[in-house]
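Reading through the structure tokens given below for one structure.
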Amino acid sequence: MDKKNQLKNVAFGGDWSESIKSNDEISIIVKRLENIYKRCSYEYIQDSEFNDILDYVEDNIEKGEIFSRSFQKNLRHEDPLKRKSELLKTINLIKKWVRK
């Protein structure tokens, strides 16, 4: 349900406000992952840059631990093209999973 529909249904109660917050947080996390993806072929990404992102993924997305391990593993590929393509696969899987 999008924000507009969630706000229309305020009178019906539920966890609509938490859902909006969660969706916004996930959007920010995905954008941060995409930023790492864009830079990963030409610069070394420090673990400290994405540890908080992966912690959020693990704690707030179902199957987050699997996505986190995949992202960490793929970020360490020697070949920049392989690294980028594998990271993009993981990011797209996260996007699909949170839209369910």
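Values as computed for the structure displayed
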quantity	calculated
Order by protection proxy (mean Cβ within 10 Å, highest first), peptides 35-43, 86-94, 49-57	86-94, 49-57, 35-43
Burial ranking of peptide ranges 25-31, 76-82 (average Cβ count within 10 Å, highest at the top)	25-31, 76-82
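Every number in this text was worked out from the coordinates using simple rules, so none of it is lab data. Owing to the predicted nature of the structure, the values given are computational and were not obtained by experimental measurement. Virtual Cβ from ideal backbone geometry, glycine too; neighbours counted across all protein chains shown.
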